[in-house]
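The values are calculated or read from the model by the stated rules, or taken from the named source; none is laboratory data. All of these numbers come straight from a predicted model, not from anything done at the bench. No Cβ is skipped: glycine too gets one built from the backbone with ideal geometry, and neighbour counts run over all protein chains shown. We work out accessible area using only protein heavy atoms, side chains counted, and drop any ligands, DNA or RNA first. Shrake-Rupley method; radii C 1.70, N 1.55, O 1.52, S 1.80 Å.
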Amino acid sequence: QDITVKGTVTDQKNGIPIPGVTVKALGSSKGTLTDVSGNFVIAVPQGTKLTFSQLGMVSQTVTVSSSAAIRIALSEDSKALGEVVVVGYGTQKKSVVTGAISGVKAADLENQPVNRIEQALQGRTSGLTIAATSGQPGSASTVRLRGVTSFGENSNNKNNPLWVVDGVVIDNGGIGYLNQSDIESIEVLKDAAAAAIYGARSASGVILVTTKKGKEGTLTINYSGYYGTQAPAKKLDLLNASQYADVINRAFAAGLKNGGQPLPFPNPSALGQGTDWQSVIFNNDARKQNHEVSISGGNEKSTFYTSAGYNLMDGIVATPISKWNRANVRLNSTHKIRKWWTIGENLGYSHTVNSGIGAVNREFGGPLSSAINLSPTMPIVETNPALLGQLPYTNANVVRDANGNPYGIPASGFQEMTNPLAYIQTRLGNYNWDHNIVGNAFVELEPLKGLRIRSTIGTKLAFYGNDAFSPLAYFSTTASTPRSTFRRELNYSIAYNLENTISYTRDFNKHNVTLLLGQGNYKDGYSRQLVTTYFDIPATDFNSANMRFKPIEANKTTSGDEGTEHKVNSFFSRVQYNYDEKYLLTALIRRDGSSRFGPNHKFGYFPSVSAGWVPTREDFFPKNNIVNTLKIRGSYGVTGNDVIGDFAYVATVGSGRNYPFGTAGNVIIGYSPEASPNPNLKWEETKQTDIGIDATLFNDFTLTADWYKKKTTGILQTPPTPDYVGSGSPARNLGDMQNTGFELELGYRKQIGQIRFGISGNASWLKNEVTKLAPDVNFIETDGASFQNMGTITRTQPGHSFNEFYGYQNLGLFQSQAEIDNYKGPKGTVLQPNAKPGDIKFANLNGDETIDVNDRTFLGSPIPKFTYGFTINLGYKNFDLVAFGSGVAGNKIFQGLRRLDIANANYQTKILNSWTPSNTNTNIPRLAVDDPNENYKKFSSLYLENGDFFRLRTLQIGYTLPKATVEKLKLQKLRIYVLTENLFTITKYSGYDPELGVGPDAGSGGAFSIDRGAYPQARTFLIGINVGF
Amino acid sequence: CKKYLDVNPQDRILTSNYYKTQTEVFSGLVSIYDSFGYQYSGLYDKVAIMDVASDDHWAGGGGPGDINDLQVMETYKLNSQSGPSTYLWSKGYQGIFRANFFLSKVTDAPIDAGLKSRFAAEAKTLRAIFYFDLVRFFKNIPLLLQEVDPAKVNDVVQALPAEVYAQMEKDLSEAIPALPATVPAATEGGRITKGAAQALLGKVYLWQKKFDKAAEQFALVNGPTPGQVNPANGYKLLNNYADLWNVNNKFNSESILEIVKTTSSNGGWSNAGASDGNLLNIITGPRGYQPIKPDAPDYYPGYGFLSFTKEFFAVIHYDPRNAPTVANLDSLRKNGIANYSDSYNNTGYMLEKFIGRQKNKPATGQTELNFGQDIYEIRLADTYLLEVDALLNGGAAVGAGSRAYQLLNAVRARVGLNPVAVTMDNLVLERRLELAGEGHRWLDLVRWGRTSVLAYKGFDATKNTVFPIPQKELNNTKIEQNKEWGGTK
């Protein structure tokens, strides 16, 4: 005879009801879950034992004796993941951690529609600056931990943190294989105390990713998925055809050489609106969807977690050639073979297929740059019969639309720029692909209680490549594909690591000690590439192109390449000690040898020590309701960076210095020396001090604050060699840089009646300063960012931050000839003799008789000084709402959307306010086609804009179906939600998007915030569902 | 475990293991020639710079910012940060570094002694070529004869121009005896010969106004009888001027030294400057060229640079060299024979000598970057006229029947022109017409002090006779800017 039992499950700590607790009748298949108010109802025979279990809580079992309501208060399980922090080669109770570690848990990531894992961290933890490099689906973001740690050549790679997934070291570009639904937790090791256990590769920080594992006793099947639409969040205000004609006429008339000639556009107003090129390439309904099924469970012998996912995203720009999709499979399991012997594996596989628009955040060649710069007077498709009978439309290779009409062809002077639709058509079908297998297998022995011996072998296997067909095409007088090509590229790479550790944990009275000894061998950089190109095969589009066509030898080219192996060999040891969780100490040291270090410095030692004190556990600490817990901690440590290039310590000769002799024109291969060697080459060293507190206040607030000072010394500098040397000079460990910062993380949670409320926020202040360069070197511009014909636009100089913008100071506009004539050097020379009223007055900063390169100055930093983010959680009955936003402040953005080398490139509408004799109250200089004062050709503050922004990243409203309904459907859980990404962005920036990571092109010099026409982030609306079976 | 860290540098060749065989040593020599032929990835070379700087050409191209370095050269708005200085400077010193390194290695290389001395002579001649350009363009330059000590990179100082000239004279005098008078064109065409080094030495003397010595060297190159084959080296003016620009006519009897180009180096856009194809061929092509009638020339459409000025066209219009020199697109369009798009500052007169042709299109690789026409660094008509120059300015007899008279009029007779007297004005005009578009005129005008004709372009005689030393060379170093550019040298 069943009796119906009701009850409530609450959190022992604060009395808040816990939803989703598994209530299971032992010895039968009956079970249920608590609802959002922590209530449950179950009908079982009297005497049945009910277990109450929840992840992160200690399970409880009670025997049903009557139908009286059961009240269960679950306590937190200190061994469960919820209270344990992954610290590298082990875990540690959060209460005794002495390093600065920020974390993100699965719950925080749930239903965030990101497709790369680093985006899941954006705005969620302090100390991280994360910015998208492109809105191209699947693009990696730039991640910087506690500022820019290093500079110089390869600075982008050097500053990427080390990612370690389940113990396997992965480079920043390689983590794209991860599916965020599989993530259990992400820990960011911010200070040297935490990171130094990864030694010579940890200076830019370490991010540990742990994937989900199965749990004993429960079999869980979950489906989650979303589907939605994306649109550009913003369109630029560009000139329409008649405005454009007016502006071009104005610039032409003001030109020096063109006096007396007829205007290019005799009748601007007749041109009307013309073509809106942005609308031509933007997609206001680009699709995005994700599906994921996971099954996990286990018994006392074995546990497993397995999942399959599929993620698809179309780009909002030039969608037919901007697509991304990824399929994932994961299998994690552990098996207890004997009581003291465990084996297991964590294995992830992913397959990605994507296509891209080609030039991303580059001013040259891409369809986005074309849309911004092409003339609005140019037609999308040319239909005028008079023009169709003439050149250039009679060219046999003009690109035509589906109706056979030729796409409009840019006029002479638009350089390599193409009609974006013609461009899209000639790239249709081209795609990139990859297969990634990343995983590890381990054996763990526990011969004595507390003694664990573990061996892990991890590997990352990648296969990747692309197929591209370029048909014959005539885009313009300066852009054409005179021969068709079909190109196939195949690559593979292998990396592995082997690690062996012994750890021993023991409590003596109130002393708790954990010792760790470990050894590791790592190898990466091994890669092989083959590229084959067939010319002139009889195919007209991608679908008809294949390698079964066998062209003659002359119409085939093949090339190959291979990477240089990088090996690291390490020993490490760590001791963690605490007395009654009151006095805490961690000390560690790692020794790393790297194949990149010179023979005189083959091994580096990386020690760190950290200590903490928990005054609230002292007897003398008054019991109060203001400070519930408080931990004060401090650390100091040394970390290294071995991204210093391969074989820089030996003298090598390089090839490719070829020359043809003789009438046959056969090329003879020439070799000459590369830079001279530096046998003293070693790692860059980063010393970091961190002081922080962790506290719980007023029962509901949590607070973590950290101050740090991080100094990198021996930054690899190739002293900017004057060209008269004739070859590069070797890189040497010469530069220093310092970051100081303050970080704050705050949390608050409260339940008032039916309303659940939580807010968590973080804020980081950062000051980056280069403190030393090579001797006799006052500044470097060689590694800086450059822009079109302006040359370098950033400079790295001691006393300033890395790659600050550097150009002319703009003193406003000359309003009269008299002002120009009176603007003189100390000896009376007119400084800007070519100027006319309406031209920029450049500051004569060095006080000589000319305005030249020596008058440039620092104009602002591209690195945000302040980054912040917050999440608000609201719940009412079965409804929940999550709002998550983040922002940055204190940086400048270089707005380089217009092509300077194209006189007739289109403008944003703000140009209508440029200076004219009748419009003098403006800061936009006058237009003149040859620009004799170089208003637009010189890099001045004219190009810089404030980079501050706040973005509401996601806003989500969910509804969890009531228990009764769910049970009727024979389900455990059903939640539906609607979600929007990038609902709004508050910014004064005039380009598409103020979020600009380090551009992927070589001209970025590792600098943030340079906009050459970056692919904008989409605004997304999604509906989603989570089902538990 | 140290052994574990030894990674085999399979993709690197260690300097210490190199230059051990004849092939390896030769590859080191080839790398110096590579610098000699090096063009800038921004699609120009020395000829383009010199043409645009002269009064004969406009930069042209797609607009006022297209190949900006050429545009600022044309208008003389160049400065130490923008313009072609960096290319000219770094090209020269890259070649000097390779030559210096090669010379330091070749002495001990275990190869045949005769080869060794020939290789060394070639390296020295090439080093002199690099220094000759550098000293003419930048005047005050460092004179480096060995690798710069990495620890003292910033301590290098400039030499006096006279010291640079003295070194060139020394290098060339040492090289001449070890160089062959001729080389087999099929396999070694393009290698430095005795005549090339002598011609260069003659120029080095002429630029120092050592007229007698210059004339002496040029006479060795030009031979005893102007207009006839020089028995010492086989040099003779081609009978047909237009044949000089036939791309298949490499290493002809008028060619003394040429920059060899090929259709088969497979140059690509990722590093256009590394292509061994001729970039002039594509940049001089008329923009969007389309033949209409069958008799239209088979120009390959290009980027419309280096168009001739109307003033130059007026000068050459009735000269027999007009047709091989000027592509008259204006006339082709007016007569409905072919069509094209205007260049910036379009005149309709393009540089016929270098425009790429459909029939010469490379069979493989990126078409634009792989045309194969060679470029004359020195040719016999040039050395004929330079000898005239040396004789005339050196005070030798120049009347009818004199050697100078015979030389000047041999050049004219080749294109069917009547003799003229040897005067400075006649020589200036003859060089302008004979060598049009080949990059000589600007250097001549500066040498003669006849730069007033450049004033309309913005040429300022107080500063534009030399180039500004690139800013990067001045930063943190002991190099001083030329006083013409606000410096102290």
What FRET efficiency comes out for A:T771 versus A:I976 if R0 is 56 angstrom and r is the Cβ-Cβ distance? Round to the nearest 0.05. 0.55
Which one, A:T211, A:A473, A:N641, projects farthest toward the positive side of the charge dipole computed for the protein assembly as shown from Cβ point charges (K/R +1, D/E -1)? A:T211
Expected sort for A:1013-1023, B:335-345 on mean C-beta neighbours within 10 Å, highest first, is A:1013-1023, B:335-345
So, by mean Cβ neighbours within 10 angstrom, what's the order for A:814-823, B:267-276, A:729-738 with the highest one leading? A:729-738, B:267-276, A:814-823
Quick one: what do you get for the stretch B:1-107 if you divide its Cα Rg by 2.2 N^0.38 Å? 1.55
Model label zone, A:T481; criterion: amide N under 14 Å from point 7 Å along Cα-to-beta-carbon; scope the stretch A:285-326: A:321
For every helix of n ≥ 4 consecutive DSSP H residues, a contribution of -39,500 (n - 2.57) applies; sum these over the protein assembly as shown, divide by its total residues, and give [θ] at 222 nm rounded to the nearest 500 deg cm²/dmol. -5000 deg cm²/dmol
Over the stretch B:269-375, calculate the relative contact order: mean separation of alpha carbon pairs under 8 Å at least 6 apart, over the residue count, as a percent. 39
Distance between modelled label sites at A:Q60 and A:L448, nm, 7 Å Cα→Cβ extension: 3.8
Give, in nm to one decimal, the length gained when the segment between A:F742 and A:H335 is fully stretched (0.36 nm per residue of separation minus the Cα-Cα distance). 142.1 nm
Rounded to the nearest 20 debye, dipole of chain A from Cβ charges on Lys, Arg, Asp, Glu: 2700
For the stretch A:60-191, build the charge dipole from Cβ charges (+1 Lys, Arg; -1 Asp, Glu) around the Cα centre, then report which of A:V62, A:V97, A:I186 sits farthest towards its positive end. A:V97
Rounded FRET efficiency, nearest 0.05, which uses the C-beta distance separating B:N335 from A:L387 and R0 of 22 Å: 0.50
Shielding of A:641-650 by partners, i.e. mean partner chain Cβ atoms within 10 Å per residue? 1
For chain A, what relative contact order do you get, as a whole percent, if you take Cα pairs closer than 8 Å and at least 6 residues apart? 11
Simple spin-label model, 7 Å along Cα-to-Cβ: A:L912 to A:Y577 in nm? 7.5
Please sort B:167-178, A:277-288 by packing, taking for each peptide the average over its residues of neighbouring beta carbons within 10 angstrom, highest first. B:167-178, A:277-288
Tell me, what is the FRET efficiency for B:T21 and A:S816 to the nearest 0.05, using R0 = 60 angstrom and their Cβ-Cβ distance as r? 0.25
For q = 0.12, 0.26 Å⁻¹, what log10 I(q)/I(0) does the stretch A:2-74 give under the Debye formula with an equal point scatterer on each alpha carbon and no solvent? -0.26, -1.24
Just in the stretch A:677-772: which chymotrypsin sites (Phe, Trp or Tyr not before Pro) are loop by DSSP and have at most 15 other Cβ atoms within 10 Å? A:F698
Kirkwood hydrodynamic radius, the stretch A:229-285, all distinct C-alpha pairs: what's the number in Å? 13.4
Per-residue average of other protein chain Cβ atoms inside 10 Å, peptide B:27-39 -> 6
Could you quote the convex hull projected area for the stretch B:322-374, Cα atoms only and averaged over all directions, in nm²? 4.7
Given charges at Cβ of Lys, Arg, Asp, Glu: the stretch A:229-285 dipole, positive-most of A:A245, A:L271, A:F282: A:A245
Rounding to the nearest 10 and keeping the result within 0 to 90°, find how far the Cα-based axis of helix A:241-253 lies from the longest principal axis of chain A. 50
Quick one: 3J(HN,Hα) in Hz for the stretch B:226-231, Karplus 6.51/-1.76/1.60 with θ = phi - 60°, rounded, Gly and Pro as x. x, x, 10, 4, 7, x
Three-way shape label, chain B, alpha-carbon gyration tensor, a/c 1.5: rounded
If you average 1/r across every pair of different Cα atoms in the stretch B:269-375 and take the reciprocal, what Kirkwood value do you get, in Å? 14.1
Beyond a 27 Å Cα-Cα separation, which of these cross-linked pairs lie in this structure: A:K24/A:K288; A:K892/B:K478; A:K582/A:K623; A:K510/A:K687? A:K24/A:K288; A:K892/B:K478; A:K510/A:K687
7 Å from Cα along Cα→Cβ at both A:Y310 and A:A554: what's the point-to-point distance in nm? 4.8
Between the stretch B:333-351 and the stretch A:464-528, the Cα center-to-center distance that results, in Å: 53
In whole angstrom, how far apart do the alpha carbon centroids of the stretch A:9-74 and the stretch A:90-143 sit? 34
Taking only the Cα atoms of chain A, how large is their convex hull per residue, in Å³? 219
The stretch B:117-220: Cα Rg divided by the 2.2 N^0.38 Å rule of thumb: 1.16
For chain B, give the percent of accessible area contributed by carbon and sulfur heavy atoms, probe 1.4 Å, rounded to a whole number. 52
Within 10 Å of the Cβ of an average residue in A:470-480, the count of other chain Cβ atoms is 3
Mind grabbing the interface size between A and B? I mean buried accessible area, both sides, 1.4 Å probe, in Å² to the nearest hundred. 7100
How many angstrom lie between the C-alpha centres of the stretch B:88-111 and the stretch A:263-279? 58
Under the definition of Cα pairs under 8 Å and six or more residues apart, what whole-number percent is the relative contact order of chain B? 20
Can you list the lysines whose alpha carbon sits under 22 Å from that of A:K682, skipping same-chain ones fewer than 8 residues off? A:K158, A:K523, A:K567, A:K602, A:K710, A:K711, A:K772, B:K2, B:K3, B:K152
